[in-house]
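Read the structure below first, then the notes.
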Amino acid sequence: MKMTLKTISALLCYPSEDVQAAIPELQAAVASEKALPKETEDALSGLLKEYATGDIYDLQERYVLLFDRTRSLSLHLFEHVHGESRDRGQAMVDLAQLYEKHGLAVSANELPDFMPLFLEFLSAIPSAEARQHLSETVHILEAIRQRLEKRQSAYASAFSALQALSREQPDKDVLNAILSIPDDDPNDLAALDAAWIDEEVKFGPGADTTCDTEGLAAKIRAGRRPAPGMESPPQRRPVVAHSPSNRA
């Protein structure tokens with residue numbers, strides 16, 4: 001289970017050449033661990049193969065389109081259940097304290113609910129406890145999976161795999177509440193601008209006011225994507241983004 005969680009964590013980070021080069025080893029680790037049903041493992045293998053053989057810039061553009069420009073596919077867990085409410089701040093504090101309890105130090109530029117970070121944490125604790133924490137997010141995982149499946153995205157297999165690891169079914173009422181929120185159209189630039197209007201976000205008394213550079217990087221990546229019908233610039237520059245190798 002641990003290597004499968006690490007593999008999915010890597011896949012859900014902004015695509016990099018380092019991870020792309022490591023795909024054969026990741027695929028072998030998932031196969032040897034046998035933590036997934038065969039059908040689910042085969043589907044995840046499809047995503048791994050796409051990642052291994054795809055053009056890195058195309059992979060990065062796809063990632064931006066899905067996870068940076070589509071708020072309903074956000075990889076920040078609490079976005080789907082708390083939005084910008086006060087409850088989200090307390091949930092962030094509680095999750096950060098859970099990490100600290102297990103000896104994981106979260107850097108100032110990480111939000112605790114960023115899914116790759118959460119999965120990396122789960123991979124470092126006993127499997128039974130990891131499965132329990134993962135099961136608490138299963139309704140979010142299913143909502144994202146359904147939205148990705150609607151887009152015929154291979155990333156849906158990563159969320160199917162996480163649900164299989166949790167061994168839980170989503171709560172229908174909670175799932176329906178999440179799915180009742182309108183799904184974003186990433187090509188609707190006016191809606192995108194409205195979604196990213198700066199808001200004051202506080203995480204309770206004594207909260208760290210350090211700039212969220214991961215969120216900023218997401219906005220920068222989204223802003224650099226050309227509008228529909230426009231050609232991309234011929235020279236593409238690398239963007240600093242979250243990397244699983246920077247974990248504590």
Subject >> Elements of type helices (runs of 4 or more DSSP H) in region 17-121, at least 1 residues being within 21 Å of ARG145 (Cα to Cα) and open to solvent by less than 40 Å² (accessible area, probe 1.4 Å) >> reply: 17-33, 38-53, 56-63
**OP:** Would you be able to say whether some residue in region 110-126 is on the phi < 0 side of the Ramachandran plot, modelled with pLDDT under 90 and of a type in the set (A, V, I, L, M)?
**Re:** yes
**OP:** Would you be able to say whether some residue in region 188-198 is modelled with pLDDT under 80, of a type in the set (Phe, Trp, Tyr), in contact with a Gly (Cβ under 7 Å, 6 or more places away or on another chain) and open to solvent by 10 Å² or more (accessible area, probe 1.4 Å)?
**Re:** no
Original post:
Filtering region 129-183 down to residues that are open to solvent by less than 50 Å² (accessible area, probe 1.4 Å) and not in a helix (DSSP H, G or I), which residue is farthest from PHE118 (Cα to Cα)?
Top reply: ASP183
**OP:** Six or more apart or on different chains, Cβ under 6 Å: which pairs go from a residue in region 77-97 that's over 16 Å from ILE140 (Cβ atoms) and of a type outside the set (D, E, K, R) to one that's modelled with pLDDT of 75 or more and buried (at least 18 other Cβ atoms within 10 Å of the Cβ)? Could you list them?
**Re:** ALA96/PRO112
**OP:** Among the residues of region 1-16, write down those that are surrounded by fewer than 21 Cβ atoms within 10 Å (Cβ to Cβ) and not in a helix (DSSP H, G or I).
**Re:** MET1, SER16
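The values are calculated or read from the model by the stated rules, or taken from the named source; none is laboratory data. Quantities reported herein were computed from a predicted structural model and do not represent experimental measurements. We place every Cβ from the backbone using ideal geometry, glycine too, and count neighbours over all the protein chains shown. All accessible areas refer to the heavy atoms of the entire protein, side chains included, with ligands and DNA or RNA removed. Shrake-Rupley method; radii C 1.70, N 1.55, O 1.52, S 1.80 Å.
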